[in-house]
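Student: Please read through the structure below; I'll follow up with questions.
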Amino acid sequence: MTHETAQLMIPTAEADVILGELGVLLLECGTSVTDVRGTLEQVSRIAAPGVSVEFAILPEMVMVSRPGSSAATTTVIGKGEALTFRQSARASRLVRDLESGAVALEDAPQRIAAIRATPRHLPGVQSVLGCGLLSLGLAVLFRCPWWAAVLAMLVGAIVGGLMLVMMRVRAAAAVAPFVSAFVSTVLVGWAAGLLDLGPVPLFAVCAPIAILVPGALITNALLELTSTDIVTGASRLMYGLIMLAFMAAGVCSGAALTGLSVDSASAALVGEAVQLSGDGGGWTALPPLWMSWFAVVVLAIGIGLAFGSGVRLTVVCIVVMTGTYAVLAAFSAQVGNVVAMGIAAAILFVAARVLERVTLAIPATVSFQPAFLLLVPGTIGLVSLASFDAQALASAPMMFLSLCIGTKVGALLADLARITRSTVFRYWVRPARMGEL
């Protein structure tokens with residue numbers, strides 16, 4: 001009996017449940033419903049060639065049906081728990097194995113259970129430390145004074161601990177963006193007032209709460225909306241905007257309570273940070289420009305700790321974010337910040353798709369989401385709303401539009417490359433290996 005014949009003998013109901021569980025696992029990894037549907041269709045074609053299977057995907061639900069069959073539609077509902085980056089990478093590897101036929105569909109449940117049971121050592125400590133390092137890296141990268149960088153690190157660690165506690169209660173998780181942004185802004189404003197620091201840099205306020213910006217959520221919403229998944233894409237986008245509104249309300253409330261004012265001359269984009277110069281010394285001095293490269297590394301390590309990447313994925317994150325920073329810094333000086341953001345998004349998305357297809361099977365969400373913090377359109381909009389800065393409010397939509405166009409161009413190029421590679425392999429490479437040419 002061949003491996004393929006063994007797969008065909010799986011009962012229909014059991015196969016549908018396995019496919020549904022696989023789809024839910026991918027949703028919990030942060031994969032868009034469009035990509036989940038494409039993956040399930042590919043896996044089902046490998047597991048049962050010639051059998052028609054249809055999938056309906058919602059953000060936390062997968063429905064599997066077979067046209068023309070009397071069997072009821074199989075519905076699998078997710079737990080709504082986001083997986084760590086390490087679990088996402090293992091899930092991506094499972095998908096690659098299923099698509100290649102290296103793993104039978106009937107063996108997938110064991111792999112799925114093992115992925116969910118992946119241990120994470122000291123998750124609370126890692127999350128708090130990761131949020132602190134992430135805030136420090138962003139503050140130094142955007143060239144805040146040293147006092148602001150240290151303050152951002154301390155407040156970021158506090159926000160990480162607060163989020164860890166609130167996410168354990170479903171009712172508290174709903175208002176966590178507002179509470180975290182409010183507490184963070186109050187702490188920064190109180191410290192600025194106590195030490196008479198005057199207007200604080202933009203990223204002294206943004207860096208501690210940057211981890212809350214729904215970057216991956218908005219990106220998936222964009223991909224889904226432009227792939228005719230209107231219901232899911234619109235709901236994700238609306239939820240992302242609500243999160244930003246909650247965070248903006250928290251920042252605005254905290255600033256009003258403490259009298260905090262943001263320095264309008266501080267950097268909001270990587271291209272602006274490169275051009276900053278300062279005359280102060282000591283704690284009021286700006287970090288030297290060369291320190292930005294070390295800040296990217298610190299930022300990547302912080303993300304790795306906060307999202308449970310593990311050592312290998314953290315190294316990948318460092319490489320991806322360093323490359324993203326280099327692209328932004330290089331193109332911002334040539335074509336401006338808006339266009340540079342779109343170019344960086346396109347290059348990054350293609351690179352993320354390439355990494356997803358190589359042997360390491362690194363999912364695009366793991367490589368794209370961390371670098372999204374360097375593009376920061378959500379953070380720009382957040383502070384623009386909170387500070388009522390007319391110029392910033394006008395530029396934020398252009399930044400977001402540039403990111404959207406860049407992401408879609410990158411997705412198109414990645415899909416074309418995948419189709420071309422598959423065609424070449426099918427009609428030229430594989431026959432050559434089989435001795436047909």
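Student: Where Rh denotes the Kirkwood radius from the mean inverse Cα pair distance, what is Rg over Rh for the range 97-188?
Tutor: We get a ratio of 1.21 for the range 97-188.
Student: Would you calculate the convex hull of the Cα atoms in the range 43-105 and tell me its volume per residue in Å³?
Tutor: Enclosed volume per residue, from the Cα hull, is 91 Å³.
Student: In addition: Using a 7 Å offset from the Cα along the Cα-to-Cβ direction at both residue 354 and residue 194, what is the distance between the two label points in nm, to one decimal?
Tutor: Label-label distance for residue 354 and residue 194, simple model: 4.9 nm.
Student: Starting from the Cα gyration tensor of the range 69-128, take the square roots of the eigenvalues, sort them a ≥ b ≥ c, and report rounded, prolate or oblate (rounded when a/c is under 1.5, otherwise prolate if a/b is larger than b/c, else oblate).
Tutor: Note, shape of the range 69-128 comes out oblate.
Student: Please work out how much accessible surface residue 190 shows to a 1.4 Å probe, ignoring ligands, DNA and RNA, in Å² rounded to 10.
Tutor: Residue 190 has an accessible surface of roughly 150 Å² with all protein chains in place.
Student: Computed FRET efficiency, Cβ-Cβ of residue 322 and residue 146, R0 25 Å: what is it to the nearest 0.05?
Tutor: FRET efficiency, residue 322 to residue 146: 0.65.
Student: What fraction of the Cα pairs in the range 4-144, stated in percent, has a spacing above 27 angstrom?
Tutor: 30
Student: So, one more: With a 1.4 Å probe and all protein chains left in place, how much of the accessible area of the range 19-84 comes from carbon and sulfur atoms, in whole percent?
Tutor: Of the solvent-accessible surface of the range 19-84, carbon and sulfur hold 51 percent.
Student: Carbon-plus-sulfur fraction of the accessible area of the range 176-216, 1.4 Å probe, in percent?
Tutor: 76
Student: OK, next. Can you give the accessible area per residue of the range 123-212, in Å², using a 1.4 Å probe?
Tutor: 37
Student: Work out Dmax and Rg for the range 141-233 from the C-alpha atoms and quote the Rg first, both in angstrom.
Tutor: Cα-based Rg and Dmax for the range 141-233 come out at 16.4, 53 Å.
Student: Here's a follow-up. Would you work out if the range 297-360 is rounded, prolate or oblate? Take a ≥ b ≥ c from the square roots of the eigenvalues of the alpha-carbon gyration tensor; rounded if a/c is under 1.5, else prolate when a/b is larger than b/c, oblate otherwise.
Tutor: Because a/c hits 1.5 or more and a/b fails to exceed b/c, the range 297-360 counts as oblate.
The values are calculated or read from the model by the stated rules, or taken from the named source; none is laboratory data. Given the structure is predicted, the values throughout are model-derived calculations rather than measurements. Virtual Cβ from ideal backbone geometry, glycine too; neighbours counted across all protein chains shown. Note: areas computed on protein heavy atoms with side chains; ligands, DNA, RNA excluded. Shrake-Rupley method; radii C 1.70, N 1.55, O 1.52, S 1.80 Å.
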